[in-house]
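Input: a single structure, listed below in C-alpha cells.
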Amino acid sequence: MSEPRIVAFLCHWCSYTGADLAGTARIKYSPNVRIIRVMCSGRIEPQFLLKALREGADGVLVCGCHPGDCHYHEGNYKCLRRFLMLRQMLGQYGIEEGRLRLEWVSASEGDRFAKLADEFTEQIRALGPLGGRAAFVEGTQQGGTSWAS
Amino acid sequence: MKTVVVDPITRLEGHGKITLFLGDDGELKNAYFQIPELRGFEKFLEGRPVEEAPRIVPRICGVCPACHHMASGKAVDAVYGVEIPPTAKKLRELFFMGEYIHSHVAHFYALAAPDFVLGPGSEKAKRHILGIVDKVGLEIGGKVLTFRKHGHEIMKAVGGKCTHPVYNVPGGVSRPLTGEQRDAVEKMARECVELAKFSLQLFEDVVLKNKAYLDIITGPAYKLEVHNMGLVDEKNRVNFYDGKVRVTDVQGKQIAKYAPHEYLQHVAEHVEEFSYLKYPYLKKFGWKGFVEGAASGVYRATPLSRLNAADGMATPLAQAEYKRMFDTLGKPCNLTLATHWARLIELLYSCERAVELATDPQITDKHVRNVPTKTPHEGVGIVEAQRGTLTHHYVTDEKGIIRKANLIVGTTNNNAAITMSIKKAAQHLVQKGKPVGEDVLNMIEMAFRAYDPCFSCATHSLPGHFPMEVTVVGPGGEVLQVLERS
Amino acid sequence: MGKLNVGVYWAASCGGCDVAILDIHEKVLKVKEACDFFLWPIAMDFKYADVEALPDKHLDLVLFNGAVRNSENKHLAELLRKKSKLLVAFGSCAHTGGIPALANFTTKQGIFERAYLTSDSTDNPQKVIPKTKVKVPEGELTIPEFFERVFALDQVVDVDYYVPGCPPNPERIWEVLAAVVTGAPLPPKGSVIGAGTKALCDTCERKRTGDKKITGFKRVATTDWDPEVCFLDQGLVCLGPCTRDGCGLQCVQHSNMPCRGCYGLPPDISDQGAKMIAALGSLIDAKDPEEIARIAGELPDQAGYYYRFSAAAGLLERRKA
Ligand code: SF4
Ligand code: SF4
Ligand code: SF4
Ligand code: FES
C-alpha cells in the first residue's frame, strides 16, 4: 500500500515544543506525520479535521497540553469535547474511530511524541488508506463550489 | 404498433408519464402510467430519533405537508404509547382543517372549475383560473384568493409555521392557542363556511344544471367500479384526523373496518418494473392486475371514496349536501368526475368543522401536551390526506431510534385506479384510423385530474391544464404526428 | 428597463418552494408586471421541447428548486444552465441537498431494498425492482436513472446565487425578485441572497442565561421545556449557532420548537456539523473523557441533526461501501 498520510495538529506551547524537542534531540519518528502548529488545541476547529480527511489524510492526530497545563486555561478541555463528539459522528460517515486520535504531550515529552507518531502511523497503516475525496460516494470528487470552498 | 407518449403529464413527487400503445389498426392496445421518481424516505428515516420524523416527512410533499405531519405525529404518539390531551387533539385537527381548506380550494378553482365553468370545449387559451375570473367576475376571483389565504392563515395562527409545520410533538402540540389567535381563526373559519356554500352553489348552477356536463360526468368513459376506502368516526361518518379505516365494496357493502395498527392485515403493495411507485391493493382479494370489479383488489381513496365508504358527514350543512349528491347520483357512486362534487362537500365540512373547533370552550386550554414516559416501541398513525388514506408506521428501539419505517402515501393508494381511469378514457376516445387529437388529451387529463394526484402542479396550477406532449410513432418507428399543448 | 425573462423549475422537489413563491400573494401580480415567465410548471404550461428551442442565455433568471436525485433532474439542470444568464439554487434542496440528501447516509441499494423488497406492506415474491428500461408486450418503457446519492445544484452545474430555506420565506423571495427586477447592482457571484448575514442565535429572542453550561442532552420527545428560554440552555439541540438568520424565526419563536438548520450555513463557515460541534464543545460542562462520551452518546444521531438540510454539501460524504 501507499504510505499512510497523517496530519497532526499540535498546540504551540506544549505539544509542538515537544515535537520540536524530538527533532533537535534527533529522535527519529515516522515521516508520515505532517505537523500543523496552532496556538492552542482549543483553537482547532472541527472543520480543520474534516478538511484534512477530505483532502487526503488517512488519519488525524491532535495533541495539546496535559490537563491543567493549557496556557489558555481550558482550551484543551474544549478540544477534548469537540474531538470526542466529532469522532463519534464520523462513524455515520463510515470513518473508523481509529483514524482520529487525541493525546496530551508536554514540552518535555519529545520521545513520547516520537513514539506516538510511530505508533499512530502503524495504526493507520493497519486501517488502510482512506483516500480523500475519491473515497467517498460516487460523484463527490467531481466537485462543485460547495466542495471547492 | 404506434406509441403515444405524454411526458411530462405533470408531477407527483416527480413527473407522471403516460404512454399509450396503439395497434396498427389505430386501436388502443394498452395504456401505462409511470412515476419516474423515488426518494427513499422509508430508508433514510432509519437511525433518526422518532420525534424528528414529523419534522422530516412533510418534505414528501409541499402541498400537503400537514397530512404527513399529522400521520407521523400520531404514529409517534403510538410509539410512545401516550394519550394526547383533548385540547391538543382539537388543535391538531383545527390546524389540519386549515390545510384541507387551502388545498381543496386550490384544486377546485384552479383545476376542476376551468373544465366546467368554462366548458371542456372552450378555447384552450382561456381554460385557466384567470379565465374563470373573467367569466365569474373579479369580485368572485378575489373571494377565491381570500379563501385559499384563510386556509394558510388558520394554519399559521394555530401552528406557527405552515409549509412544513413543526407543531406536533410526542404527546401533543408545541404550544397552546391564545384567545386572540382563536378569535382570528373563528372569524376566518366563519367566512370560509360562506365561501364553501358559495362554491357549492356555483357548482350547482354551472355544472349540475347543465345537461351536457352531467352527461359527461355520468358517461362510461369516467366510470370505474373499484372498492372505496376512507377514515370514519364511531358513527361511520367521514373524519379526516381520527377513527378507523372503512372499506366498502362496489355495491357499498362494508368489507373491512380496521384500526391503524391493523393496516398490514388489510393492505399490501405490488411492484411493477416500469414505475418507481408501488400499487397498494386489498389483501383480501389479492393483486389481480389492473382490473375492475368486486373480485379485484384495486380500491380508491379519494374524496368520493371517503364519502362512499362512510354513512354521512358530521356537520349539518355538509350532511345535507352529502345526501343531495347521493340522491342525485346513487350510492355507491363510481363516477370518477363526481370526485369534484365530493371534494366541495368535504371543503364545506372542513370549514364547518373549523368553526366548531375554534368555538370549542376547551380550545384555548393551556394543557396541550402529555410528556411521554413509557418506553417507545412501535406505532402506526393514519389520517385522511386530501388525496387518500395516509399511513405512517414506525418501529423503534428502546431509545426511540427508528429501526423500520413504512409509509403508504395518499396518492399511492390510487396508483392502480389512476392507471385504469386513464386507460378507460383513452379507450373511449381513441378511434380506429383517426389521428389522436387534442380531445384525447383533454379526456385523459380530466380522468387524471379528478384524483388530484398529490403534486403541487395539480393543486396550484394556474392555467388548469397539464403540459402534455404526444408523439405518435408509426410501426417502423417513424414519428407520424406530434401534438403539443400550450 | 425591459421585462425580465424568468423561469422556475423543480427537480427532486416537494413543491413547497413553488407554493412559497405563490405565497407572496398579491405581489405575484407585481412580479407578473415585471417578468415574462417562460417556464413555471406549477403555474403555467411548458414543454421540455420549448425550453430546448430557446436560444442560449435567453432566460435572464432561473429559480431552480429541488435537489438532483436522478438523471432527468441532472439533464434539466444542464439544460437550464445553458439557457439562463443567472441560475439561482432556490431552497435548501437545490442549495445544499435538503431533506432528500439525508439519503446520502445510506445507499441506493439500501433504498431500493427497503422500498421494493423488505417494507412491511410490500408483497413482492418475484423480487421485482423497477428498471430504467422495461420491455412490455406492447413495446418499451423508460424511467430515469436513480443516482447513488443526492447532489446539490452546484455539484452538477455552475450556480450564480443561492436562496436558502425549506421553503424560503415568501417575504424574502419578494426582496430577491424586486432586486433583480429593479436592476439594482447584484452581489458577487456565489452569494447567498434572500437571507440574513448573521447566525440565527444573533437574532433569536429566547432568553439566555449568560454562561450556558449543560451536563447532558435532552430529547424533544421526553422533555417539557420552558417556552421562553433558549433551547440549547435547556439541553435541547437547536441549530441556531450554525444556521443563517432570515427565516423569520419560524420554529424557534412562532412554533416554540428548536431550529433544524434549514437556512444553511452562516457566512464564513464551511460545514454546519463542524460549526455545531464547535458550539456544543464550548457548552458541555465536563472534563472527564468518559463523562463527555456519555453526554455525546445522548445525542443519538448527530449527523442527522446537524446535516438535516445540508448532507449533500458538507465537507465530507459517506464513504463508499
Ligand atoms: S427546499 Fe424544502 S420546500 Fe423547497 S423543494 Fe426542498 S423540501 Fe420542498
Ligand atoms: S440556540 Fe436556538 S433557542 Fe438558543 S439562541 Fe440560538 S436559535 Fe435561539
Ligand atoms: S428556525 Fe431553523 S429550521 Fe426553522 S425555519 Fe428557521 S432556519 Fe429553518
Ligand atoms: S495551549 Fe496547549 S492546549 Fe491550550
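The values are calculated or read from the model by the stated rules, or taken from the named source; none is laboratory data. Only a predicted model underlies this, so the values are computations on that prediction, with no experimental measurement involved. Neighbour counts run over all protein chains shown; Cβ positions are idealised from the backbone, glycine included.
Please go through (1) away from ligand 3 (no atom under 16 Å from the Cβ); (2) buried (at least 24 other Cβ atoms within 10 Å of the Cβ); (3) among the small types (G, A, S) for B:G159 and return the number of the only condition it doesn't satisfy.
Just one mismatch for B:G159, condition (1).
Go through the stretch B:29-42 and give me each residue that's in contact (Cβ under 8 Å) with a residue 24 or more places away in the chain and facing chain C (nearest Cβ under 7 Å).
B:K29, B:N30, B:Y32, B:Q34, B:P36, B:E37, B:L38, B:R39, B:E42
Filter the stretch C:146-170 down to the residues that are among the charged types (D, E, K, R) and surrounded by 14 or more Cβ atoms within 10 Å (Cβ to Cβ), then identify the one that is farthest from the chain's Cα centre (by Cα).
For the stretch C:146-170, the residue satisfying everything is C:E148.
Only one residue in C:G281, C:G216, C:G248 is modelled with pLDDT under 95 and within 16 Å of ligand 4 (Cβ to nearest atom), so which one is that?
Matching residue, one of C:G281, C:G216, C:G248: C:G281.
Is there a residue being modelled with pLDDT of 95 or more and assigned to a loop (DSSP other than H, G, I, E, B) anywhere in the stretch B:256-266?
Taking every residue of the stretch B:256-266 in turn, at least one turns out to be modelled with pLDDT of 95 or more and assigned to a loop (DSSP other than H, G, I, E, B).
The rows are residues; the columns are (1) in contact with a Pro (Cβ under 9 Å, 6 or more places away or on another chain); (2) under 28 Å from C:C242 (Cβ atoms); (3) of a type in the set (S, T, Y); (4) assigned to a loop (DSSP other than H, G, I, E, B).
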site	(1), (2), (3), (4)
A:S2	yes, no, yes, yes
A:I27	no, no, no, yes
A:L50	no, yes, no, no
A:C63	no, yes, no, no
A:H66	no, no, no, yes
A:D69	no, no, no, yes
A:K78	no, yes, no, no
A:L86	yes, yes, no, no
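Within the stretch C:206-242, restricting attention to residues that are of a type in the set (G, A, S), more than 11 Å from chain B (Cβ to nearest Cβ) and under 28 Å from the mean Cα position of the chain (by Cα), which residue is nearest to ligand 1 (Cβ to nearest atom)?
Only one residue tops the list, namely C:G240.
Look at B:D215 and say whether it is in contact (Cβ under 8 Å) with a residue 60 or more places away in the chain and of a type in the set (D, E).
So B:D215 fails the test.
Take C:L117 and decide whether it is free of Cβ contacts under 8 Å to residues at least 40 places away in the same chain, more than 7 Å from chain B (Cβ to nearest Cβ) and surrounded by fewer than 24 Cβ atoms within 10 Å (Cβ to Cβ).
yes
Would you say B:R182 is more than 14 Å from chain C (Cβ to nearest Cβ), of a type outside the set (S, T, N, Q) and either in contact (Cβ under 8 Å) with a residue 40 or more places away in the chain or in contact with a helix residue (DSSP H, G or I) (Cβ under 7 Å, 6 or more places away or on another chain) (or both)?
So B:R182 passes the test.
Which residue pairs have Cβ atoms under 7 Å apart, sit 6 or more places apart or on different chains, and have a first residue in the stretch C:253-274 that is at the interface with chain B (Cβ under 9 Å from one of its Cβ atoms) and of a type in the set (S, T, N, Q) and a second that is outside any loop (DSSP other than H, G, I, E, B) and more than 8 Å from ligand 3 (Cβ to nearest atom)?
Every condition considered, the pairs that remain are C:S255/B:G159.
Taking the stretch B:258-292 as the region of interest, how many residues are of a type in the set (A, V, I, L, M) and in contact with a Gly (Cβ under 6 Å, 6 or more places away or on another chain)?
1
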